[in-house]
Amino acid sequence: MEPELDALIRQADGADPQAAGALFALLYRELHRLAEANLRRAGAALTLSPTTLLHEAYLNITGRESLDFADRGRFLAYASRAMRGLVVDYARRRRAKKRGRALEITLAGDEPPSADALRATEELTRLSDALDALATLDPALAELVDLHFFCGFTFAEIATVRGTSDRTVQRDWRKARLLLHHAMLDDGAEEAAR
């Protein structure tokens, strides 16, 4: 990692907005790629652009105090988690509009989401809720999911960031997937019972 990036990550803790801005500029392309990946996973129903999502995440991150990032991987995992939260909130608002829970008068010809889009939104919401539950149970496993699934890091890159072996990361990945699968099945069963 280049020394300038390393120093900016240590300074970008909410107390130094200039360092956060410089870090954002330095990692803009990578953060834009994360935004595109988060929107791709959310499905085509969202009318949110990657640039808008990236800038909203930037405002979210720089608006918080006492954030501490040990390295590039943890910063990107946090940025991805912030983007995921924004995408889920946006999808929930669109779903509420479809169900008639929100009345909003706009001049744009924004069509309500289709049934397929609603299902994709519900799956995204269940995945996000399952990841949040996993974060309370085992934060390291939740961070691993953010780094691999949402940030696109390889197991070798994650092993380097964590200072562990590739096999350990793969074993943790299988454990995280199993826990997420069970959490999503349980959540789906609860929704079906309603």
statement: Residue pairs qualifying under the 9 Å Cβ cut-off, at least six apart or on distinct chains, with the first in the stretch 164-175 being of a type outside the set (D, E, K, R) and the second being surrounded by fewer than 13 Cβ atoms within 10 Å (Cβ to Cβ), are V169/A156
- prompt: Could you list, in sequence order, the residues of the stretch 142-173 that are in a helix (DSSP H, G or I) and either farther than 20 Å from A37 by Cβ or in contact with a Cys (Cβ under 8 Å, 6 or more places away or on another chain) (or both)?
  reply: A159, T160, R162, D166, R167, T168, Q170, R171, D172
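Those residues that are charged (D, E, K, R), more than 20 Å from the chain's Cα centre (by Cα) and either in a loop (DSSP other than H, G, I, E, B) or at pLDDT 75 or above (or both), I need them from the stretch 1-59; list them, please. Full working, then the answer.
Going through the stretch 1-59, the residues charged (D, E, K, R) turn out to be 2, 4, 6, 10, 13, 16, 29-30, 33, 36, 40-41, 56.
Restricting the remaining residues to those that are more than 20 Å from the chain's Cα centre (by Cα) gives 2, 4, 6, 10, 16.
Selection gives E2, D16.
Looking only at the stretch 113-143, how many residues end up being over 19 Å from S49 (Cβ atoms), at pLDDT below 70 and not hydrophobic (A, V, I, L, M, F, W, C)?
The initial filter retains those residues of the stretch 113-143 that are over 19 Å from S49 (Cβ atoms), namely 114-116, 118-119, 122-123, 125-143.
Now drop any that are not at pLDDT below 70, which leaves 114-116, 118.
Filter once more, keeping what is not hydrophobic (A, V, I, L, M, F, W, C): 114, 116.
The number of residues fulfilling the criteria is 2.
Based on this model, can you work out whether S66 counts as within 24 Å of R177 (Cβ to Cβ), hydroxyl-bearing (S, T, Y) and either at pLDDT 75 or above or more than 12 Å from the chain's Cα centre (by Cα) (or both)? So that I can check it myself, show each step before the final result.
Numbers: within 24 Å of R177 (Cβ to Cβ): no; hydroxyl-bearing (S, T, Y): yes; either at pLDDT 75 or above or more than 12 Å from the chain's Cα centre (by Cα) (or both): yes.
Answer is no for this residue.
The values are calculated or read from the model by the stated rules, or taken from the named source; none is laboratory data. None of these values were measured; they are calculated from a predicted model. Quick reminder, even Gly has a Cβ in these numbers, built from the backbone with ideal geometry, and neighbours come from all protein chains shown.
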